[in-house]
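Here, each number is a calculation from the coordinates, and none is a lab measurement. Just so you know, these numbers come straight off a predicted model, no measurement behind them. A quick note on method: Cβ atoms are made from the backbone with ideal geometry, for glycine too, and the neighbour counts reach across all protein chains shown.
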């Protein structure tokens with residue numbers, strides 16, 4: 001896996017992967033940015049969410065459950081002093097499905113968190129307290 005980052009302007013960077021997909025990063029005007037894109041730490045939370053959701057949806061579909069929609073809200077708390085790592089992250093999964101039960105969603109999340117999600121493992125191994133809850137909507 002290889003990516004490249006280049007300075008775009010001010011504190012905005014453009015990241016490119018080996019398939020030429022582009023991700024922009026920026027920061028607030030307080031530290032020289034233009035606030036035109038997510039910060040790197042926000043992107044870390046988004047990447048965590050994308051990683052676990054891919055697992056959860058895949059597992060639910062293998063169980064032959066219908067996924068009409070799924071939303072993941074994530075809240076991260078960071079350390080007060082530098083480096084301001086994530087200390088606590090809470091994930092709230094909300095599944096819309098006509099045939100899945102809460103236990104199906106919970107088991108899919110457990111498998112993602114304990115076995116499949118590399119991003120979750122990275123957060124946990126860094127000492128971050130990772131918690132979650134599941135809801136059917």
### Query
In the calculated pair distance distribution of the range 40-136, what percentage of Cα-Cα distances lie above 15 Å?
58
### Query
Would you list 107, 125 from fewest to most Cβ contacts within 10 Å?
125, 107
#### Entry: Among beta bridges that DSSP assigns inside the chain, antiparallel share in %, nearest 5
70
### Summary
Rounded to the nearest Å, the spacing of the alpha-carbon centers of the range 74-137 and the range 1-44 is 24
### Message
From Cα pairs below 8 angstrom and at least 6 apart in sequence, can you work out the relative contact order of the chain, rounded to a whole percent?
### Response
19
